[in-house]
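Structure, as structure tokens:
The values are calculated or read from the model by the stated rules, or taken from the named source; none is laboratory data. Keep in mind that this is a model prediction, so the values were computed, not measured. Positions of Cβ are generated from backbone atoms using ideal geometry, with glycine treated the same way; all protein chains shown enter the neighbour counts. Accessible surface areas use protein heavy atoms only, side chains included; no ligands, DNA or RNA. Shrake-Rupley method; radii C 1.70, N 1.55, O 1.52, S 1.80 Å.
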Amino acid sequence: MASSPPPPATDLPPTLPASFSASSSPSFLHYLRNLGSKAPKTMAALYSSPSPSTLSPQPPGSFFALTVLTNLLNEIERCVVLRMVALEWTEDSGITERDFNSWFIGSKKDWDWEKLNDLCIISLNPSRSSSWFVKLRSPFHSSLRSALTSTQKHPWSLLPSAQLKPSPTPPPTLNELNAYTQNIWNGILHYLVGTKNTQEPNPTVLRFLRETGLMDVDAKTAGTKREKWEITKKGYDFMLKDVSEQVWSFVFSYLQTLQSTSSIISTLLLLTSLSHCTLSEGYPVSLLTKSHKTLMPKFKDFGLIYYTSGSPKFYPTSIAISLIPGSLSSSCGHLPSPTSVHSLLSLPDQTKNPTLNIIVQTNFTVVAYTSSPLHLSMLLLFCDKDDYMVLPNVLVMKLTRDSVKESFKRGIKCSQILKFLKKHSHPLIVDADYRIPENVQSQLHLWEKEEVRIKCSLAFKIYFEEEEKEVERDVAGWAEERGGLIFRGKGGVVVVKYEIAEGAVRFKKRRVREWREEEGGEDDMIVY
Amino acid sequence: MSQTITIVLDLAAEAHRARLSTVDSKGRFKGPALIHLHVIPSLKVFLNAFEAANPSSYWSLICCTNTKVETVGRTGEGIDLDAIMRMLDDRVKKAEVEEDAAPTTLASSEPKANPNISISKGISAGVTTAVCRINSYLNKNLPGGLANRKRKHETALSASASGADDGFTNLHKNSDEAKSQNNVIESRILVIQTGEDWMPHYNNLMNCAFAAKSAGVCVDALQLFCSSDKNEERSSMLSQLTHITGGLFMRPPTPAGQVHGALTQILLTVYLVNKSSRNVLSPVVVETVEFKGRCYETGNKIDIGFVCNLCLSVFERKLDTCLTCGSKV
């Protein structure tokens, strides 16, 4: 990033840079920067969103400001913004250019003016001299001050059970919450892969799978009564992603469908508030706003919230809390204790949570410790379907040339397969130098390169007479300058790309005419 | 990279400072800062900002008086105000016994002549506790544990012996192993001293400094004014402590610069930046280090002295026999 600041705020363009389009990677930052012309009002409304009741003394806007600070800024930007939080200014004052530059040693390469302006965090104003001054925008400033001076870490008060009506069901345990989320997502992925006897997901999820191109109508059954939907290349890519990325894709596609600013604000505030919750804690439904209550069924479909009808409390799941990571909540804010580190390194217990732990051997055997049929389906995307063993808690499969090439035809890349295998490495080999043996990695790359060894492109052949060697040389040079020369043979043949063929022929005609005029000969060229 | 910070807060001189607090004509404080009114609220904001700036972080707060060291807060549990008030009351009562029941309210009565109540005798114990806890935490949580740290320590020692850069700063961060595992823990200690130096603990504090340095822990220090007199002496011990470990030492410019949000501003501006980012973001502090030592005989601060050529003890007068090792000088 350039060290010099952009022009003052009044001259900044109203739209975002073209590189950030709706089709780019759906991260939280990209979504906020893609709000376009609605961004300033939306961001201001998000930051200054008031507290819905006296029982929630911390306004949700302050949690949103904290989320933006913690997740979307790098370390240097966070420190500089927090330095500025403690300061007060009048309307026409701020930190001068000289003082701001003195804060940095060397170039300000870690400071992104555009990003901070897009997120409505800072404002850059011209001063009376020819320089500028910078300060925090007041909605962000006041909400961040509120967050830092507050002792309340939760977006909703943890009301004692005596103040709530009795719940029809007992509160879920941590394992039950994890199993609940896992079941929802396993069901979705099973349906995506086409596992037999899988229950169809609810209509919200179905619509998402179809609208985002993860599933498409089978060409054979299109238009008939027995129309079938099957997974696409995008769907295979989706299956190999991390659960958090998958959930965010769902949420992002839902956000794209929202038209009104108020519904966008409401959804974003609920998402950021959920990320500040503590796992396995129940929060009163009565403290939610009306708009948040209407969002509850959709978030339940995505596995973000657990609640039963009639229950006075809802429980955020681990997916909801880690969807926008980095909150101050105690569940994910601090370093692991010695005992939890030990438990992370111990062998997984399959009876509690179906986890996937993979060991890849040098003889291309994949040993997967899992008992989930979904994991079997995922591994069969690139392992041999005809030669594998299913034991009570272990799958033994093989990576073969045919199975891997079959996966390439489906649109899966070598990097995705390696990333998937590395991500699910067994804890015992997590600290090893190579989680996947070098020979296996190299062979997968070689198999992938076989797909691109031959590259076909449409070309045009131009023939030259024996005496037209000079013209041939000039035409070849002309084509090379434009990056369109493919081949130049000895027998008076020049092969160029089809896109520039017309221009090459015209150039040849002109050169031949000039050459013949120089030679004093007749104009008897052949036109192709 | 994960960050940990341990704050060592000195309560020893609170009674003395409470007696010397002044207010202006509008009833506002003019300094020095009081623990429960100014320092603790500023620390709360600072700790919230620290957690916001470092998503994967851990903090703990250790309070020390002249006779006691106690952990009064940590991540996830908040600050235990009751424990701090108990320690303050305990300290005030001991100060009363020392001074025959002097008043402890914010009266404008003159302070008693006993200098002991303005001296921070518990700082070295607090810093020792902090270094030991960090060392034990790092041994348990870094990959490979104690064996790995010992191996890295030996590598760093051999590197420094061969004339390379100071290997201690590379202990945690710059090894390929640490980078690839991406779970490096950077530790800091922030010492907040509210009284004057106690020279008899000079050796203890220097030992803490070298232990912290070998553990790769950076020690920052903030010295608060003990009275309304802005010509109070700077702490040479703290400046040397921070210089050895590569930390920052600062004193607010005036006693009034500790109250009404000024202390919060100092903490957020100077001490929020992590060690690894201080080569990018300037900490905005220029403090010179006072390299005065301590006489091993009298305990006085000296800048010129006589050194034993065997054990390197420093004395302010020439001796025939070294008092530390007994050798003939």
- helices (runs of 4 or more DSSP H) wholly inside the stretch B:58-169 containing at least 2 residues that are at pLDDT 85 or above and open to solvent by less than 30 Å² (accessible area, probe 1.4 Å): B:81-99, B:123-141
- In the stretch B:314-328, residues that are of a type outside the set (Asp, Glu), farther than 18 Å from B:Arg294 by Cβ and open to solvent by 100 Å² or more (accessible area, probe 1.4 Å) total 1
- Residue check, B:Gly299 touching a Gly at 6+ places or on another chain (Cβ under 7 Å), away from chain A (no Cβ under 14 Å) and in contact (Cβ under 8 Å) with a residue 40 or more places away in the chain: no
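Residue by residue, here is whether (1) in a helix (DSSP H, G or I); (2) open to solvent by 50 Å² or more (accessible area, probe 1.4 Å); (3) closer than 17 Å to B:Ile119 by Cα holds:
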| site | (1), (2), (3) |
| --- | --- |
| B:Asn204 | yes, yes, yes |
| B:Ala211 | yes, no, no |
| B:Gly216 | no, no, no |
| B:Ala221 | no, no, yes |
| B:Ser227 | no, no, yes |
| B:Glu233 | no, yes, yes |
| B:Leu238 | yes, no, yes |
- Query: Looking at the stretch A:298-306, is at least one residue farther than 22 Å from A:Asn186 by Cβ and either of a type outside the set (Lys, Arg) or free of Cβ contacts under 8 Å to residues at least 24 places away in the same chain (or both)?
  - Reply: no
- Query: For the stretch A:44-63, which residues satisfy the criterion of being under 27 Å from the mean Cα position of the chain (by Cα) and modelled with pLDDT of 85 or more?
  - Reply: A:Ala44, A:Ala45, A:Leu46, A:Tyr47
- Item | Cβ pairs under 8 Å, 6+ apart, first in the stretch A:384-400 and assigned by TED's automatic domain parsing to the domain that holds A:Leu421, second in a loop (DSSP other than H, G, I, E, B) and among the small types (Gly, Ala, Ser) | A:Pro392/A:Ser371; A:Asn393/A:Ser371
- Message: Show me the strands (runs of 3 or more DSSP E) found entirely inside the stretch A:457-528 where at least 3 residues are modelled with pLDDT under 90.
- Response: A:485-488
- Item | Meets criteria (at pLDDT below 90 and among the aliphatic types (A, V, I, L, M)) for B:Leu20 | yes
- Kindly indicate whether any position in the stretch B:263-282 is modelled with pLDDT under 80 and within 14 Å of chain A (Cβ to nearest Cβ). no
- Pair list, Cβ < 6 Å and 6+ apart or interchain, from the stretch B:49-78 residues that are within 14 Å of chain A (Cβ to nearest Cβ) and more than 26 Å from B:Ser120 (Cβ to Cβ) to residues that are of a type in the set (Lys, Arg) and open to solvent by less than 40 Å² (accessible area, probe 1.4 Å): B:Ala53/A:Arg78
- Query: Which of the residues that make up the stretch B:252-281 are open to solvent by less than 10 Å² (accessible area, probe 1.4 Å), among the polar types (S, T, N, Q) and either at positive phi or part of a loop (DSSP other than H, G, I, E, B) (or both)?
  - Reply: B:Asn274
- Enumeration of residues in the stretch A:84-111 that are surrounded by 18 or more Cβ atoms within 10 Å (Cβ to Cβ) and more than 14 Å from chain B (Cβ to nearest Cβ): A:Gly94
- Note on the structure: Only one of (1) in contact with a Phe, Trp or Tyr (Cβ under 8 Å, 6 or more places away or on another chain); (2) of a type in the set (D, E, K, R); (3) within 26 Å of B:Met1 (Cβ to Cβ) does not apply to A:Lys109, and that is (1)
- What helices (runs of 4 or more DSSP H) lie completely within the stretch A:56-139 and have 1 or more residues being among the charged types (D, E, K, R)? A:75-85, A:97-102, A:113-118
- Query: Across the stretch A:169-189, what is the number of residues that are outside any loop (DSSP other than H, G, I, E, B), open to solvent by less than 30 Å² (accessible area, probe 1.4 Å) and not polar (S, T, N, Q)?
  - Reply: 5
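When you check A:Lys115 against the structure, is it in contact with a Gly (Cβ under 9 Å, 6 or more places away or on another chain), basic (Lys, Arg) and more than 9 Å from chain B (Cβ to nearest Cβ), yes or no?
no
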- Query: So how many residues does the stretch A:281-340 have that are on the phi > 0 side of the Ramachandran plot and at pLDDT 80 or above?
  - Reply: 1
